[in-house]
Amino acid sequence: MSAVFIHGLGAVSPAGWGVAALLGALEKNQPLPVETLTRPGWEKKLSVRSVPPPLSRLDFLSHPRLRRAGTLSQHTLAAALEALGTDAAPVQAGALRLGVIVCTMAGSVAYSRRFYEEVLQEPATASPLIFPETVFNAPASHLAAYLNSPAINATLVGDEGAFLQGLAMAAGWLDEDRADGCVVVGAEELDWIIADAVRLFRRSAVYTGGAGALYMKKQSSARTVLSAVTDSFSFTKSQNRTTAARKVRGQLGEGRADELLCDSETDRSVWLDWPGRRLSPKTIVGDSFAALSAWQCVIACDEIRKQHCSCASVSVVGSNQQAIGARFVSPESSDL
Amino acid sequence: MVITGAGIITALGRGWKTNAAGFRAGTTAFRPVTLFDVSRQRAKIAAEIDLPADLPATRLSGNKLRRLNRAARMLLLAAHEAWEQSGWRPEEPLPMVLGTTSGEMSLGQDYLRQALHTPGDFKRQATRVAYYQVQSPALILCDAFDFQGPLTIISNACASGANAIGHAFETVRSGRAPRVLTGGYDALCQLTFAGFDSLQALAPTPCRPFDAQRNGLTLGEGAAVLTLETLAGAKKRDAEILGEIIGYGAATDTHHLTQPHPEGRAALAAMNAACAGAGLAPEQVDYVNAHGTATPQNDATESAAINRWAGARARHLPVSSTKAGIGHLLGAAGAAEAVVCLMALRGQWLPPASSLTTPDPACQFQLVRQPVDAKVDIALSNSFGFGGANASLVFRRWL
């Protein structure tokens, strides 16, 4: 993989709308407050963290495409537009070919639940306005439509590792000259149905929604470079989670004293001897599949951008599919 | 880039031979839906698969075999056929790139139904959550045949299968992997059926792509899988080569979430990009397997795009939509239609759409309506999806 610059970062999280809010929460190093969510017909409450309302009305909601768009699409657009910054304008003007990759595990669960509830009640009158929003690639489509971007566009579905697969795919598109820049978004939304499902596997999990985005370019004056994405090691009968995580460690290397590790709080045994600093945003913000792995990358890049470290590794050991890692460095790094 | 294995299961049957015979003859495979209640829907037919009771020998435990649902079974059958044909061995890492729109959604439906109707009953709910996710059938496939490679799932609505093959093609072409197993799968489910019905996109009668009287699409289900590899790798094993993939183009239609731009700009861009990548002009294409869903808007848009793309060639360009026989396979459509293109290239025939009665006069091209032998060296396949995902693939006959 050729090195690619990380030109911009974006985030929506239970800490608020914007990268600054996410970083602020991390700096305080205190888990964000937990709320409860009602599951219909069940007396126990689900522990969750919701994304607070934006401080001001989101401008993009006035776009005709986004009037009915659900939370997942709103998170996707907000994070992507923050990452794109001033480059959104040349994309909209047709002067910059933007590849769009949106990664998710649960997709638009709120609309899917709502639509299927309507089907169960009366299939003949289920809403044609909701159904299209249930499709996995609706957020990617809305983002491309908002930016008026006809270039290549993909939605990757998988566990937390899908976001890092998206970074590798974007690097490939840039190498193949399919796009001048690529925005990769990891996004999820909160709904009782998904919080309930997560609870079945991890009793202590605090589920949340949100999104993280990285905007990638081949040429940039940015302070962060994606130098590598490891292979994705699938969890199979003959390769369990720990084995897969060890293989990621093997490809990322031993680490250095000045190297940050941004991990996902899983299979920590593999990283016990990590020589540098470690950050685990999950302990602060909660569980959020592809959004969580995106936040890990956003945080790693920001640490390099602020020159708190010269390189950072991200380890993702997903819920049920894969272990995968990525390494970010400063442009001056001898590792490039 | 060559294809050394192809597997397919559709409502026409299981395997290359059965499907090739069906596509060549223009057989249709629609029937009343039996998998779920459609009594209150406008449309009541689909191309359902009669899944065989037997599966190839796998490494799956009895417990896992019992939990296999429709999508996983279809994927397993198609992948096994492609894998056997390729002669590949599982020792080496095997990247997989698959397309789907909903994975094992019927289990997701069961989960929600139970959560709503009996909220305190959690029996089997964890299993449903684990198995409904789109990556689940692919992970089962890994366990079934001891595949170890990374798994990428692309969900670009109805273009998912074509985008998956396109990404696999780029992965091998760029040298990121010497071989990739790729394709698509989707099983019928109530949510999707009711969704298309709510949009009034489903036809009450079997679909008639590019017919002036067309009245909507008919859903189908299935899986199709290809094994892609470098020519050098195939030659080293002395593998039988089924055909080449030589071009992939993708573009995004930003017009509307479910409706294509009337001029088919993104479709045109995808076809142009695929041909440019292949180093071909439209005059060199011998057959187009159209997306051809049979909705009034899709076919009008695609006709406009093909007319513009082909130019003077359009008058003699054979085009058909094999959805006329097997319905719309959604995330598997692009993969199944890629296999149809390979069949046409191998067999030197064109797959007809026998349901076509009155060709839409907007089609300036030759709609294939009868079984016919033909010289086919280059075939192009179109796939367009909700959200504006447009993809075209170009295949070449291997001589």
Revision key, fill the gap. Within region A:217-234, of all residues that are in a loop (DSSP other than H, G, I, E, B) and more than 7 Å from chain B (Cβ to nearest Cβ), the one farthest from A:Asp175 (Cα to Cα) is A:Arg223
Revision key, fill the gap. Within region B:126-154, the count of residues that are among the polar types (S, T, N, Q) and either assigned to a helix (DSSP H, G or I) or surrounded by fewer than 24 Cβ atoms within 10 Å (Cβ to Cβ) (or both) comes to 4
Practice item. Sort through B:Leu268, B:Leu242 and tell me the only one that's away from chain A (no Cβ under 12 Å), touching a Phe, Trp or Tyr at 6+ places or on another chain (Cβ under 9 Å) and not polar (S, T, N, Q). Key: B:Leu242
Exercise for review: Name the single residue, out of those in region B:119-141 being within 28 Å of the chain's Cα centre (by Cα) and free of Cβ contacts under 8 Å to residues at least 24 places away in the same chain, that is farthest from the other protein chains (Cβ to nearest Cβ).
Suggested key: B:Arg128
Review point. If you take the residues of region B:323-372 that are in contact with an Asp or Glu (Cβ under 7 Å, 6 or more places away or on another chain) and in a loop (DSSP other than H, G, I, E, B), which of them is nearest to B:Val2 (Cα to Cα)?
Key: B:Gln348
Check your understanding: Across region B:201-242, what is the number of residues that are out of contact with any Gly (no Cβ under 7 Å at 6 or more places or on another chain) and among the polar types (S, T, N, Q)?
Key -> 4
Point to revise | Sole residue being assigned to a helix (DSSP H, G or I) and either modelled with pLDDT under 95 or farther than 29 Å from A:Gly325 by Cα (or both), chosen from A:Ala124, A:Ala69, A:Ala79, A:Ala95 | key: A:Ala124
Exercise for review: Please state which of the following conditions A:Ala205 fails to meet, knowing it meets all the rest: (1) assigned to a loop (DSSP other than H, G, I, E, B); (2) in the same structural domain as A:Ser315 (by TED's automatic domain parsing); (3) not polar (S, T, N, Q).
Suggested key: (2)
Study note, to complete from the structure: Per the list (1) within 7 Å of chain B (Cβ to nearest Cβ); (2) closer than 30 Å to B:Leu139 by Cβ; (3) surrounded by fewer than 24 Cβ atoms within 10 Å (Cβ to Cβ); (4) without any contact (Cβ under 8 Å) to a residue 40 or more places away in the chain, residue check on A:Arg113 breaks on (4)
Practice item. Scan region B:72-93 residue by residue and report those that are touching a Gly at 6+ places or on another chain (Cβ under 9 Å), part of a loop (DSSP other than H, G, I, E, B) and either surrounded by 24 or more Cβ atoms within 10 Å (Cβ to Cβ) or among the acidic types (Asp, Glu) (or both). Key: B:Glu92
Point to revise | So A:Ser56, is it in contact with a helix residue (DSSP H, G or I) (Cβ under 9 Å, 6 or more places away or on another chain), small (Gly, Ala, Ser) and either on the phi < 0 side of the Ramachandran plot or assigned to a loop (DSSP other than H, G, I, E, B) (or both) | key: no
Study note, to complete from the structure: Residue count, region A:127-152, condition assigned to a loop (DSSP other than H, G, I, E, B) and either under 27 Å from A:Asn320 (Cα atoms) or not assigned by TED's automatic domain parsing to the domain that holds A:Gln74 (or both), comes to 3
Practice item. Would you check if B:Arg89 is free of Cβ contacts under 8 Å to residues at least 12 places away in the same chain and more than 9 Å from chain A (Cβ to nearest Cβ)? Key: yes
Exercise for review: Go through the residues of region B:198-219 one by one and say whether even a single one is touching a helix residue (DSSP H, G or I) at 6+ places or on another chain (Cβ under 6 Å) and at the interface with chain A (Cβ under 10 Å from one of its Cβ atoms).
Suggested key: yes
Check your understanding: Inside region B:384-397, can you point out the residues that are out of contact with any Asp or Glu (no Cβ under 7 Å at 6 or more places or on another chain) and of a type in the set (S, T, N, Q)?
Key -> B:Ser392
Exercise for review: Can you tell me which residue among B:Ala157, B:Ala168 is within 10 Å of chain A (Cβ to nearest Cβ) and either at pLDDT below 95 or surrounded by 24 or more Cβ atoms within 10 Å (Cβ to Cβ) (or both)?
Suggested key: B:Ala157
Exercise for review: From (1) within 14 Å of chain A (Cβ to nearest Cβ); (2) without any contact (Cβ under 8 Å) to a residue 24 or more places away in the chain; (3) at positive phi; (4) not β-branched (Val, Ile, Thr), pick out the condition that doesn't hold for B:Gly13.
Suggested key: (1)
**Study point:** Criterion (within 14 Å of another protein chain (Cβ to nearest Cβ) and over 17 Å from the mean Cα position of the chain (by Cα)) met by exactly one of B:Ala362, B:Ala305
**Key:** B:Ala305
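The values are calculated or read from the model by the stated rules, or taken from the named source; none is laboratory data. Small disclaimer: the values here were computed from a predicted structure and weren't measured. All Cβ positions, glycine included, derive from the backbone under ideal geometry; neighbour counts span all protein chains shown.
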